[in-house]
Amino acid sequence: MVIDSSVLVSNANKLDKCINKNKKQDKKGKQLSNIIERKVKKEKHKHEKPRSRDGTLKECKRLFKEGASPEVLTKLEESLREQEKYHRYYVQCFLPVLGEVIERSKRISNETKNQVISEITKSCLSRYNEQDSGYGSDFEDEMNGISDSDSDFEDRINGISDSDNDQLLNAIQNGNNRKFRKYLKDCTNVSGITDKKGNNILHLIASLKKKQKLKFLDTLIKIANEKNLVQLVDSENQEGKTPFQVALINKIKKGKHDSHTIQDNDNTLKFLAKLLKYGAKLSLPTEDLEKLSKKQNEYYLKFLEKLAERKPEIKTKVEEVIAHTINTPDSNDNYQLHLAIKDNDKERFEELLQKGADISLKDTDGNNALHLIVLELKQKRKFEFSNIILNVSKEEEKEYLKAQFKKAINAENTAKQTPLHQLFQHIKEKNENRSCTDKKFEKTNRYKALKLFLQNGADITAQDKEGNNILHDTALLKGEQKISCLKLISSLVKEKKISEDQLSKAINTINGEGRTPLQVALIKKAEKGNHLSQMKTIFDPEKKHDNTTKFCAKLLEVGADSRSLKLKDQEFHTEKYYCTLRHLENYSKTPQEGKVKAKKLRKKLEEKYNVRTFSKKCQRILHKTGNGFKAAWKCIDPGRRASILLSITVATTIITMVTLSCFQGQIAIGAALPIIAITGVVCLIVTLGLSGIRKHMKELITDQQTSKDNLPTATQPENVTEQQNLANNSAEQEVQRSSNQLEHTESPATKMNDISISRQLYGLINKPSSLAL
């Protein structure tokens, strides 16, 4: 067999060409794959779908023209399946636009076009089989550079059925207004067309973005009759949402808003305004409102306000919807009014009140707006925010706020505390701080807030979980604050802001421990002192009455039961309790009934514990000393009585000054007693004087000697004895008369002591052994 060499050469050349062509195709295919992959995996795309003038699309056209294999598209789709984000963009955004560009190209052969479109269709159908496909564009048709006819290609790759209803729904999803118009004209039951989720054609239009929803709505309004439009607007899908609500929720939940200010040319705003003409409902379902965040809620309110500006006839309805929205908790169970308080935003707080915020609504802890004002705000903000509520309530059509305030001020939280209880808790905490106690309480913001609460319906009889009302809490305050609070309440009773029945009930209410406010104050005082069983003498210097005495006297004055002065528990029978009773007994503003009861209780304590005050001890000593001086006065030389009286006066003055200094705390008791003793001794020595005593003794000796000379020796002892007895009897009679004068104040023991002193003095003067000296 003869082989033609020329044929072999020709075949070899053809083989080389094929090899070179395949190599070239592989090279172009690799370039195509790399270019598309870089485009798809780009972190951020300027547009959701690439434009027809996109550089990557131009490179793809060139490579296909130069022989790149269309199979690269299918292989790339398979490689991206594990990367959901990139795969979705590749299939849904890139390939449809690439198919349009290739199909319109005049430089690519029809065979290549068919191959490319076939590969794109395979890739898109693989995605379509996994989930429903819908490529509604977010961009305007003119921005994408694609005409209405261009979407015919998308129809083919998405597998739209031949059913007119399905074609109509798919035309909306694909953003094809031309086809939508075409199928809508042929549709006989516009309001009856729905998808699997119950969405009608207006629900789907509401889900389109930007100008697309307006274009489709205008088409629908031109073709459909008004009856069908009303039915479409009122229709709800399976989630219970109307088309109006679908569009509004999509707008609110949009990832980012360009500005918090809603522009007049906003597409959604225009769309919703047109729906309102056909009776659309403004409000959102409560479950959707509760899912909104704080910022989304604020945006929703601003959007509604802007809608009311555009449609003045719905202003009243919008205001109702805004009020409903404000009074619905957000996704974190927070009310907008509560957030304004926590953020210390006074302007926002007032704005929400103007829009209908309800101050009586409670959070998860049972706290309403007034609870939070007391808990969250500091210093003057408590008063300012509370005052804002009352100022707004004075405006027209806001009178309901007054009723809300009265309801909120007496509402209990989960801890059974009203806002008034929490305010007093804050006052007590500040009361423990010495720097706060030193300030004039009436000038503080705490006092202003308290006065505002009491003037506007706060119930002073309300009890917390421990059974304490406001007067129980007041009794625990330090210093003059307890008196200031009680005076405030008393003045408001006179002004008829608080009823007398309320005050009477609050004063005599017992708490969980069975104590009235008066007893709470007494126990608070009693706890500071030593028990009476450990004391015999109580040092109670005379000074102005303390705040507890004034507070208790005021309680008794305004109706407290005097029987509450009695503390049955012996644990509280202390020197402080005893002194308080004594002060109440002597305080001029204590009612007579209270004085009598205090005196009776004081005496019982004295008898039970056998105690006396230091002042009474001093009085007893002075009485004994006085009686001794009276008895000794008889033994003093009459000629020296003037000088002696002067000495006694000086000594008494010194003793009195020392005693007063001791009572005022200027001299300690230990230093005062020796001074008094020394002064008394010096006074006694100066008063009696040794020369006077000797002179008196000499006179007695002369008298006795004369008696001895005139009487017989045998009878002399008897006469001396009679004379001594006579002198003793005279001294005893004199002392007896002095004792009788003080009988109503002195005990028998005191009288015997006085007689004993007189006898000792007289015996000292008349003792026989003295004469011998």
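Every read-out reported here was derived from the displayed coordinates using simple, explicitly stated rules and does not represent laboratory data. No experiment lies behind these values; they were computed from the predicted model shown. As a convention, Cβ positions derive from the backbone with ideal geometry for all residues, glycine included, and neighbour counts pool all protein chains shown.
Data table
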item	result
Segment 311-366 - Kirkwood radius from inverse mean 1/r over Cα pairs (Å)	11.9
Amide N of segment 44-66 lying under 16 Å from the label point, which is placed 7 angstrom from the Cα of SER79 along Cα→Cβ	60
For segment 517-613, Kirkwood radius (reciprocal of mean inverse C-alpha pair distance, Å)	13.1
Efficiency of FRET from Cβ geometry, LYS65 and ILE223, R₀ 51 Å, rounded to 0.05	0.75
Potential lengthening between GLU111 and GLU429 on full extension [0.36 nm per residue; Cα-Cα distance subtracted]	105.6 nm
Share of Cα-Cα pairs in segment 372-444 lying beyond 16 Å, as whole percent	59
Segment 434-496 - Rg and Dmax from Cα coordinates, angstrom	12.0, 34
FRET efficiency estimate (nearest 0.05) - Cβ-Cβ, ASP343 to HIS531, R0 60 angstrom	0.65
Contour excess over end-to-end distance, with Cα ends at GLU287 and LYS30 and 0.36 nm allotted per residue	87.3 nm
Rg over Rh [alpha-carbon atoms, Kirkwood Rh] for segment 358-502	0.95
Order by protection proxy (mean Cβ within 10 Å, highest first), peptides 485-491, 520-526	520-526, 485-491
Sequence ranges 600-610, 96-106, 559-569, ranked by mean other-Cβ count within 10 angstrom, highest first	96-106, 559-569, 600-610
Cβ-placed point charges (K, R +1; D, E -1), dipole of segment 247-350 about Cα centre in debye, nearest 20	480
Size of segment 161-333 as Cα extents on the principal axes (Å, biggest first)	49, 31, 29
Packing-based ranking, highest mean first, of 34-46, 355-367 given that Cβ atoms within 10 Å are counted	355-367, 34-46
Cα lying deepest toward the dipole's positive end in segment 161-333, options LEU217, LEU275, ASN189, charges on Cβ	LEU217
Given charges at beta-carbon only (K, R positive; D, E negative), |dipole| of segment 517-613 in Debye	160
Volume per residue of the C-alpha convex hull in segment 246-349, rounded to whole Å³	107
Stretch gain in nm, segment SER490-VAL230, where the contour uses 0.36 nm per residue and the Cα spacing is subtracted	87.1 nm
